[in-house]
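Reading through the structure tokens given below for one structure.
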Amino acid sequence: MKVKVLCRNPDDYVRETTRDIQRVPRNYDPTLHPFEVPREYTRALNATKLERVFAKPFVASLDGHRDGISCIVKHSKSLSTVLSGACDGEVKVWNLPKRECMRTVQAHEGFVRGMCSRFCGTSFFTVGDDKTIKQWNMEAPGYGVREEPINTILGKAVFTGIDHHHREGTFATCGQTVDIWDEQRSSPIRSFSWGVDSFSSVRYNPVETELLASCASDRSVVLYDTRESAPLRKVIMQLRSNTLCWNPMEAYYFTCANEDYNLYTYDIRHLDVPVTVHMDHVSAVLDVDYSPTGREFVSASFDKTVRIFQKDKGHSREVYHTKRMQHVISVRWSADNKYIMSGSDEMNIRLWKANASEKLGLLSTREKAAANYNKKLIEKFQHHPQVRRIARHRHLPRDVLKQKREQREMKEARRRKEQNVRKHSKPGSVPLLTEKEKHVVAVVE
């Protein structure tokens, strides 16, 4: 005779302490939950709508400059400290949590063309229109002590950019040539030139620290190795690149901001074709900076907008703008991956959230769980038409919308013209170039 006996394990339904939440057994068999997918779809749709409702990215505005912001630099060791340079030669040191200026330095006569922080965070360097490189102490001088630079180097031409090595006491400047300097010497230890009139930007690779790249006036991006005596490679594009930024997590990739309204991500092993072309701006792109995770980057443009791109996507996931913000000259992504700083023509530094709908401050456990659950729901249903339409919708200024429409019409006209040329030409006479291949003119070894 068989007797069926109920056997229960108290660990499955009894709380260990009275403060624990009640244990609820659940059967995950899909046949017992026929309405689970429609219920989750409704929740995903509501979560997407609420995300757009609470998308308020603007955090604060730091005003105090008397001229347009020309460059912004992050402190290499401190999250709360940011440095900014203006077109009147003034440099300010900001405290972000307090949102106030801690220190003001009249660094140069004319524009502050570039700034960088030393890798240890004890000092910072500036270059300007007065042909000088100045090193300043990061700490403010004592009461009654006059503000003086630690070191001043007088160059032969105007410097347009500067960047510091990530591990050693050397830095690179660009102007008529790309020069490598030692902090203890008043003359460059190495100079690079490749038949170019001038360079606009230079950046060290944060991973492979001996590599650096620069943007030149002949529409080229040049790669260097400080251990070599000559430049490595040069890629010539259709229009000039204003600046570039290396991916902090993948040493082979860099993104350059171009005058043709696009950004281009390159792999230095295959420079003949860009990995990704990032489109959406309607005017020249002036600055770019990667997030510390290396998965996204932010760009600043002459069209008065700031856009956030994913590194492998061709279109931006977010666009920031205000009625008062003018041409955005410089932009930086904070080292904690939470904030974005933009400097524009109307003398303001604006602080934005990297995730527009993120709630600031301390979150309870239930709030974190709800946020993670909603995020996963949106990811699960992201390709459904209604969810995708709401998630992608952005309000744009009227001028940007108008220019975008004009560019779309021009692109369609160009495509129709190419199709007609190919249709009436002999087979094989017109080479078929992909959209990416059109942007690179030549690669010089």
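The values are calculated or read from the model by the stated rules, or taken from the named source; none is laboratory data. All values reported here derive from a predicted model rather than from experimental measurement. Note that we place each Cβ from the backbone using ideal geometry, even for glycine, and neighbour counts take in every protein chain shown. SASA here: full protein model, heavy atoms, side chains in, ligands and nucleic acids out. Shrake-Rupley method; radii C 1.70, N 1.55, O 1.52, S 1.80 Å.
One residue alone among ILE133, ILE180 is touching a Gly at 6+ places or on another chain (Cβ under 7 Å), assigned to a strand (DSSP E or B) and farther than 22 Å from TYR264 by Cβ, and that residue is ILE133. The set of residues in the range 322-334 being under 10 Å from SER291 (Cα atoms) and either open to solvent by 50 Å² or more (accessible area, probe 1.4 Å) or basic (Lys, Arg) (or both) consists of ARG332 alone. Checked against (1) modelled with pLDDT under 95; (2) surrounded by 11 or more Cβ atoms within 10 Å (Cβ to Cβ), GLU412 meets all criteria but (2). Inclusion of VAL73 among residues that are assigned to a strand (DSSP E or B), among the aliphatic types (A, V, I, L, M) and under 22 Å from HIS164 (Cα atoms) is warranted. Scan the range 1-44 for residues that are within 30 Å of ILE378 (Cβ to Cβ), out of contact with any helix residue (DSSP H, G or I) (no Cβ under 8 Å at 6 or more places or on another chain) and basic (Lys, Arg) and the total you get is 2. Restricting attention to the range 335-353, the residues being more than 18 Å from ALA284 (Cβ to Cβ), open to solvent by less than 10 Å² (accessible area, probe 1.4 Å) and within 13 Å of the chain's Cα centre (by Cα) number 3.
From the list VAL440, VAL430, VAL421, the one residue that fits, being surrounded by 12 or more Cβ atoms within 10 Å (Cβ to Cβ), modelled with pLDDT under 90 and over 26 Å from SER241 (Cβ atoms), is VAL430. For the range 144-164, the count of residues that are surrounded by 13 or more Cβ atoms within 10 Å (Cβ to Cβ), touching a strand residue (DSSP E or B) at 6+ places or on another chain (Cβ under 8 Å), of a type in the set (Gly, Ala, Ser) and under 16 Å from SER123 (Cα atoms) is zero. Scanning the range 87-117 for residues that are surrounded by fewer than 19 Cβ atoms within 10 Å (Cβ to Cβ) and either under 17 Å from VAL202 (Cβ atoms) or among the aliphatic types (A, V, I, L, M) (or both) returns a single hit, MET102. Look at the range 119-134: where a residue is under 19 Å from ASP88 (Cβ atoms) and a partner is aromatic (Phe, Trp, Tyr) and open to solvent by less than 50 Å² (accessible area, probe 1.4 Å), sitting 6+ places away or on another chain with Cβ atoms under 6 Å, you get PHE124/TRP136; VAL127/PHE159. In the range 194-209, the residues that are free of Cβ contacts under 8 Å to residues at least 40 places away in the same chain and farther than 22 Å from GLY169 by Cβ form no Cβ pair under 9 Å with any partner that is part of a strand (DSSP E or B) and open to solvent by 50 Å² or more (accessible area, probe 1.4 Å), whether six or more places apart or across chains.
Within the group VAL235, VAL202, which residue is open to solvent by less than 10 Å² (accessible area, probe 1.4 Å) and either of a type in the set (D, E, K, R) or modelled with pLDDT under 95 (or both)?
Working: VAL202 fails: either of a type in the set (D, E, K, R) or modelled with pLDDT under 95 (or both).
Selected residue: VAL235, the only one of VAL235, VAL202 that is open to solvent by less than 10 Å² (accessible area, probe 1.4 Å) and either of a type in the set (D, E, K, R) or modelled with pLDDT under 95 (or both).
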